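Here's the structure we're looking at; comments come further down.
What follows is calculated from the coordinates using simple rules that are stated; it is not laboratory data. What you are looking at is a predicted structure, and each value in this text was computed from that prediction instead of being measured. Note that we place each Cβ from the backbone using ideal geometry, even for glycine, and neighbour counts take in every protein chain shown.
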There are 2 protein chains.
Amino acid sequence: MTAHPGLGRPREFDLDVAARDAMNVFWDHGYEGTSLPDLIEGTGLSRGSLYKAFGDKKKLLLAALDLYMAEGLRATADLLSQPGTVKEAIRASLLRYAHLSSDEAGRRGCLVVAIAVEMAAHDPALAERAAQMFRRIQQLYVGAIVRGQANGEIAEGDEQVMARFLVCQIQGMRVLGKTGGLEADMVALVDSAMLMLERN
Amino acid sequence: MTAHPGLGRPREFDLDVAARDAMNVFWDHGYEGTSLPDLIEGTGLSRGSLYKAFGDKKKLLLAALDLYMAEGLRATADLLSQPGTVKEAIRASLLRYAHLSSDEAGRRGCLVVAIAVEMAAHDPALAERAAQMFRRIQQLYVGAIVRGQANGEIAEGDEQVMARFLVCQIQGMRVLGKTGGLEADMVALVDSAMLMLERN
DNA sequence: TTTTTAAGGAACTGATTGGTTCCTAAATGG
DNA sequence: CCATTTAGGAACCAATCAGTTCCTTAAAAA
């Protein structure tokens, strides 16, 4: 779907750009709340082009979701592999989520959370997609925690449970941020969660 | 609107029952995902009766939300005021949320979270309603934490931050539960969160 | 019984929904 | 230059949407 077969008129728009534009529309209005005219306006494409490129509305959401998840995972992975102590790296990644859960960004919320809350109960494929995202973030933190435990920075304990706990805290911040919280309050939540790594 | 003025034909259905029926519909399908026919089927009422009693779809959602929040707050308040140690009471209330975030109940999720995620960014009144719910749960936990600190059960520390932390953990569980988690995993999250009260 | 009030239901509105199907224009490979 | 293939857009589809209006029916108060 991505590579041009070489024959016939080539696509005049970028699939990734279109998916990203659609992502922003779904992000702001959810799935049911997004109409085809919304997507047309957001991408600047026509109905025909959109359907030819992505199939239908649901498949377009999946493409947008994959883009969103890949970028989110990359951002967290980058922060967790930063030089310095492991705890500093973990805190930095949590502070990013705190920032994303505050003020305007917080009000906008997280696309994965929005789709999980809106659609997971009715759409097993989307539920699995969201669960996969949560698991992957968890594994990123598992890696950091294991490193921290190895060098004595982080208390012993089930690394899966500790990582899952951080993921839970992150998703909680994203929900609380929907009603517009101050970043200072979110940072306090991060500091509370960091204590878990001290003593477990 | 609740009390019958005494003149004219009295209402043949119970407002609370109708609001509760509507609550279940919104709960399962969200706001945008709920159509008027859905509400008619769910309540067993007609369009005319529904609009005469509640005004419009949004006001019906508010009535349903108020019912949901009142019951949720009462359940948590009850568990927190149970005899025994304060920590046992807090744990019991968190275990209730863990149960509500597991398996089928988890997949169904929380109406307040659903509405907050779907509508808060676009509807300030609903955002405030959800924020109010989060604040009230937080204050319930503040009361318990202060009691626990007074008798030495719970570590010293900012009771508002500690309570907010628990609320954040609760909302996180409800998000994770949307993709269908095991209750044992949720209980492990509760135990992790309880550690916060030990040492802060 | 009469008057007053509102419940309940049916019919209808204009707008919009997601989705399909054309047709024309254009860019490629041969 | 020509044949092939697809992009892009316009017109159109049946279905459904939230919401309104009107009318009949029924219950209470006087």
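Here are the numbers:
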{"read-out": "Number of partner chain Cβ atoms within 10 Å, mean per residue of A:133-144", "value": "1"}
{"read-out": "Nm distances between copies for B:Lys59, ranked from closest, using label points 7 Å along Cα→Cβ", "value": "4.5"}
{"read-out": "Charge dipole of chain B about the Cα centre (unit charges at C-beta), most positive-ward option of B:Met173, B:Leu73, B:Val86", "value": "B:Leu73"}
{"read-out": "HN-Hα J in Hz across region B:150-167 - Karplus 6.51, -1.76, 1.60, θ = phi - 60°, x for Gly and Pro", "value": "5, 9, x, 6, 10, 4, 5, x, 4, 5, 5, 5, 4, 5, 4, 4, 5, 4"}
{"read-out": "Per-residue Cβ neighbour rank within 10 angstrom, fewest leading, A:Tyr51, B:Tyr97", "value": "A:Tyr51, B:Tyr97"}
{"read-out": "Table column - 3J(HN,Hα) (Hz), region A:181-188, Karplus curve with 6.51, -1.76, 1.60, x for Gly and Pro", "value": "x, 7, 5, 4, 5, 5, 4, 4"}
{"read-out": "Extension gain from A:Asn24 to A:Glu128, taking 0.36 nm per residue of separation minus the Cα-Cα distance", "value": "35.3 nm"}
{"read-out": "Cα convex hull of region A:68-198 - mean projected area over all directions, nm²", "value": "7.6"}
{"read-out": "Label spacing, shortest first and in nm, from B:Glu128 to its equivalents in the remaining copies (7 angstrom along Cα→Cβ)", "value": "4.4"}
{"read-out": "Gap separating the Cα centres of region B:58-134 and region A:21-35, nearest whole Å", "value": "26"}
{"read-out": "Chain B - charge dipole about Cα centre, Lys and Arg +1 at Cβ, Asp and Glu -1, debye rounded to 20", "value": "440"}
{"read-out": "Assigned charges on the beta-carbon of Lys, Arg, Asp, Glu; the protein assembly as shown dipole about Cα centre (debye)", "value": "500"}
{"read-out": "In sequence order, calculated HN-Hα J values of region A:112-125 (Karplus, 6.51, -1.76, 1.60; Hz; x Gly/Pro)", "value": "5, 4, 4, 5, 4, 5, 6, 10, 4, 5, 10, 10, x, 5"}
{"read-out": "Chain A: angle of helix A:57-80 to the longest principal axis, Cα-based, in degrees nearest 10", "value": "30"}
{"read-out": "Radius, Kirkwood style, for the protein assembly as shown when every pair of distinct Cα atoms is counted (Å)", "value": "22.5"}
{"read-out": "Teacher prompt: B:Glu88 distances to equivalent labels in other copies, 7 Å Cα→Cβ, nm", "value": "4.6"}
{"read-out": "GluC sites (Glu not before Pro) lying in DSSP loop within region B:108-200, provided at most 13 other Cβ fall within 10 Å", "value": "B:Glu156"}
{"read-out": "Region A:98-166, relative contact order in percent, only Cα pairs under 8 angstrom and at least six apart counted", "value": "20"}
{"read-out": "Built amide H within the under 5 Å cut-off of B:Ile154, gap 5+", "value": "B:Gln149"}
{"read-out": "Debye intensity ratio in log₁₀ form over the Cα atoms of region B:1-125, taken at each q of 0.21 Å⁻¹", "value": "-1.19"}
{"read-out": "Cα lying deepest toward the dipole's positive end in chain B, options B:Ala144, B:Leu36, B:Val25, charges on Cβ", "value": "B:Leu36"}
{"read-out": "Selection from A:Ala114, A:Gly157, A:Ala98, by position along the positive dipole direction of region A:68-198 (Cβ)", "value": "A:Ala114"}
{"read-out": "Peptide A:100-109, shielding by other chains (average Cβ, 10 Å cutoff)", "value": "1"}
{"read-out": "Percent RCO, i.e. relative contact order, over chain B, from Cα pairs under 8 Å lying at least 6 residues apart", "value": "23"}
{"read-out": "FRET efficiency, A:Ser81 to B:Lys59 (Cβ-Cβ, R0 51 Å, nearest 0.05)", "value": "0.50"}
{"read-out": "Total lysine pairs whose alpha carbons fall under 27 Å of each other in the protein assembly as shown (8 or more apart, or interchain)", "value": "17"}
